[in-house]
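**Student:** Just dropping this structure here.
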Number of protein chains: 2
Amino acid sequence: MSSTVQDEAETRPGRDSSARRGEVLDAVLDLLAEGADGLTMSAVARRASCSKETLYKWFGDRDGLLTATVQWQASKVRAGAYENGRLDGLALRAGLEAYAVTWLKVISSRTSIALNRVAIGHAASGRSNLGRIVLANGRFAIGERLKPLLEAARDAGLLAFDDTEAAFRTFFGLVARDVQIRLLLGDKIRMSEGDIAEDARRATEQFLALHGARKSPANRRA
Amino acid sequence: MSSTVQDEAETRPGRDSSARRGEVLDAVLDLLAEGADGLTMSAVARRASCSKETLYKWFGDRDGLLTATVQWQASKVRAGAYENGRLDGLALRAGLEAYAVTWLKVISSRTSIALNRVAIGHAASGRSNLGRIVLANGRFAIGERLKPLLEAARDAGLLAFDDTEAAFRTFFGLVARDVQIRLLLGDKIRMSEGDIAEDARRATEQFLALHGARKSPANRRA
DNA sequence: CATGCGCCGTAACGTACGGTACGGTACGTG
DNA sequence: CACGTACCGTACCGTACGTTACGGCGCATG
């Protein structure tokens, strides 16, 4: 809904409005991390040292601002896709653990928690598709990035499963468990670097126990 | 915060105010299931055919009403704890599947989704402990109800694990996977009776593959 | 029958916030 | 230098909603 205005700003290459735009969206992320109740248009304008008029000119309305913020944050997170080289058991394990670590770091970050909370609030109100955008850039994005690794491992005879999507969902469940819902509901849970590494290791090991093709013929369907 | 008023109402046994209270809270649940944006104090009063004055007298404020609603809903859900008889592999499998089915039904119900959404919204605002109450009656309640079964199965030599809590969290992850977060974010996902039964069966099988003591010595730590 | 209490329905109040309008300023362009 | 453009800061408007106040009714009690 704010795309027109954005494009118009982008097509004016002489100015650094693109960078300014990022500053504004960073201000939104800051405010969000400090508690979603503080996220008013006036607060954003104050924090970003811009006028409300500019906010509405650039983003259309509040939902447009939030949508742009979600996409802005997603554009920062995109990291490491699987690049296929030779794949052995160790590389597979390392790849899975790396994905698990990345995902756990994301869902336990203040920013992600705050963003998911507002998106959930919007999903409750039916209006706008913020929830869909968050899903597309979170859960589904990581799924699409992990699947190539899973399928390459299956081709290499390291994993056994029928349905890639189902296999990914199993891995997802083993990694995230109850962490995300507890964090969203305000449970104080630490998630230090060490906890994340340990969780990633455990989840990977469990996933390999279920779907690893190594000497274990007990991997039934997905 | 509204408990004083509630107790006062309860101590007046001559009236059916207790039943009336339930009607009011059911009205809140109805409204909630129709979309969280419709949940205003006026709407509740209209739906429940009571005055706003009564709402505030009984529940103190909006948060008190929401808190009472969460507890009211929780009091309806409490179902089937494990009752120990002789436990063999079949009974264990049946018990785990039953828990999985119950939990999947809960998290995919419109009521639970709506309640979790408002609780998450409150957790974002820092105020009140709605999130804690939802967690206590949801995630933690089912954990405490499942643990006796897990430990009885371990005592019977059917399961192997070190940490009961960790074992439960693994089961939780295998059952819920990405379902709850997707539903909260507004993803249209069906979850028919058949899907739920199939998910429960799969999760149970995977859990037994990881922690079953039957002829599988590959169950490392929790 | 008179009294009082609890509750319904509704009007009213205060505030918070999304959205708009406007004056003032800096800057790039003719 | 005159002009237009983009933007900041702020005042303003309308509305939604939580909360309170009030008039009227039904009912239970003495």
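The values are calculated or read from the model by the stated rules, or taken from the named source; none is laboratory data. Remember, predicted model here, so these are calculated numbers, not experimental data. Don't worry about glycine lacking a Cβ; one is built from the backbone with ideal geometry, like all the others, and counts go over all protein chains shown. Side chains included, ligands, DNA and RNA excluded: accessible areas come from the protein's heavy atoms. Shrake-Rupley method; radii C 1.70, N 1.55, O 1.52, S 1.80 Å.
**Student:** If the only charges are +1 at each Lys and Arg Cβ and -1 at each Asp and Glu Cβ, what is the size of the charge dipole of region A:123-222 around the Cα centre, to the nearest 20 debye? Mind showing how you got there, number by number?
**Tutor:** Values: 17 positive and 13 negative charges, 38 e Å.
Approximately 180 debye in magnitude.
**Student:** Calculate the mean, over all residues of peptide B:138-148, of how many other protein chain Cβ atoms lie within 10 angstrom of the residue's Cβ.
**Tutor:** Working: counts 3, 5, 3, 0, 0, 1, 0, 0, 0, 0, 0.
So the per-residue partner count for this stretch is 1.
**Student:** Would you compute, for the Cα atoms of region B:14-74, the largest minus smallest coordinate along each principal axis and list the three values in descending order, in whole Å?
**Tutor:** 36, 25, 18
**Student:** Same structure again: Could you state the per residue volume, in Å³, of the convex hull enclosing the Cα atoms of region A:81-211? Don't skip to the answer; put the middle values down first.
**Tutor:** Numbers: hull volume 13.9 nm³, N = 131.
Normalising the Cα hull of region A:81-211 by residue number yields 106 Å³.
**Student:** I've got another one for you. At 7 angstrom along the Cα-to-beta-carbon line, where would the label on B:Ala136 sit relative to the other copies? Give the distances in nm, shortest first.
**Tutor:** Spelled out, the distances from B:Ala136's label point are 4.1 nm.
**Student:** Let me ask you something else. So what is the 222 nm mean residue ellipticity for chain A from helices alone, if each DSSP H run of at least 4 adds -39500 (n - 2.57) and you divide by all residues, rounding to the nearest 500 deg cm²/dmol?
**Tutor:** On the way: 12 runs with 155 residues, N = 222.
Helix-only estimate at 222 nm: -22000 deg cm²/dmol.
**Student:** Sticking with this one: Measure nothing fancy, just the Cα-based angle from helix B:164-176's long axis to the longest principal axis of chain B, in degrees from 0 to 90, nearest 10.
**Tutor:** Result, in degrees: 70.
**Student:** Using amide H atoms built in the peptide plane, which far-off residues or other-chain residues are under 5 Å from B:Leu159 H to H?
**Tutor:** Hits under the 5 Å cutoff: B:Arg154, B:Ala213.
**Student:** Can you give the extra length, in nm with one decimal, that the chain gains between B:Thr40 and B:Ala136 once fully stretched, where that is 0.36 nm per residue apart less the Cα-Cα distance? If you can, show how the numbers build up before the last one.
**Tutor:** Details: separation 96, 0.36 × 96 = 34.56 nm, distance 2.54 nm.
Working it through step by step, the gained length comes to 32.0 nm.
**Student:** Could I ask something else about it? Between copies, how far apart are the A:Thr111 label points? List them in nm, one decimal, shortest first, with each point 7 Å from Cα toward Cβ, please?
**Tutor:** The answer, with the shortest distance listed first, is 3.9 nm.
**Student:** A further question on this structure: Provide the FRET efficiency to the nearest 0.05 for the B:Ala98-B:Asp162 pair, computing r from the beta carbons and using R0 = 25 Å. Write out the running numbers ahead of the final one.
**Tutor:** On the way: r = 25 Å, r/R0 = 0.99.
Between B:Ala98 and B:Asp162 the formula returns 0.50.
**Student:** Continuing with the same structure: Protein chains only, probe 1.4 Å: how do A:Lys188, A:Lys147, B:Lys76 rank by accessible area, largest first? Write out the running numbers ahead of the final one.
**Tutor:** Details: A:Lys188 175, A:Lys147 30, B:Lys76 110 Å².
Largest accessible area first, the list is A:Lys188, B:Lys76, A:Lys147.
**Student:** What would the Debye equation give as log₁₀ I(q)/I(0) for chain B at q = 0.10, 0.13, 0.18 Å⁻¹, counting only Cα atoms as equal point scatterers?
**Tutor:** -0.55, -0.83, -1.22
**Student:** Which ³J(HN,Hα) values in Hz, rounded to whole numbers, follow from the phi angles of region B:117-134 under the Karplus curve 6.51 cos²θ - 1.76 cosθ + 1.60, where θ = phi - 60° and Gly and Pro get x?
**Tutor:** Running phi through 6.51 cos²θ - 1.76 cosθ + 1.60 with θ = phi - 60° gives 5, 5, 5, 5, x, 5, 4, 5, 7, x, 5, 6, 10, 4, x, 4, 5, 5 Hz.
**Student:** Can you name the residue in chain A whose Cβ lies closest to the A-to-B rotation axis, and give that gap in whole Å?
**Tutor:** Nearest residue, distance rounded to whole Å: A:Gly173, 2.
**Student:** With an 8 Å cut-off on Cα pairs and a minimum separation of 6 or more residues, tell me the relative contact order of chain B in percent.
**Tutor:** Details: 200 pairs, mean separation 45.5, N = 222.
With pairs under 8 Å counted, the relative contact order is 20 percent.
**Student:** Give me the accessible area per residue for chain A, probe 1.4 Å, as a whole number in Å². Don't skip to the end; give the middle numbers.
**Tutor:** Values: 10670 Å² over 222 residues.
Each residue of chain A exposes 48 Å² on average to a 1.4 Å probe.
**Student:** What are the label-to-label distances in nm, one decimal and shortest first, from B:Glu53 to the same spot in the other copies, with labels 7 Å along Cα to Cβ?
**Tutor:** 4.9
**Student:** When averaged across all projection directions, what area in nm² does the alpha-carbon convex hull of the protein assembly as shown cover?
**Tutor:** Values: hull surface 100.6 nm².
Dividing the Cα hull surface by four gives the mean projection, 25.1 nm².
**Student:** Next question, about the same structure. Could you sort A:Arg169, B:Arg47 by accessible area so the largest value comes first, with the probe set to 1.4 Å? Present the calculation step by step, with values, prior to reporting the outcome.
**Tutor:** Details: A:Arg169 40, B:Arg47 100 Å².
Greatest to least solvent exposure: B:Arg47, A:Arg169.
**Student:** Once you put a point 7 Å from the Cα of A:Lys188 and another 7 Å from the Cα of B:Lys76, both along the Cβ direction, what distance in nm separates them?
**Tutor:** That separation, rounded to one decimal, is 3.3 nm.
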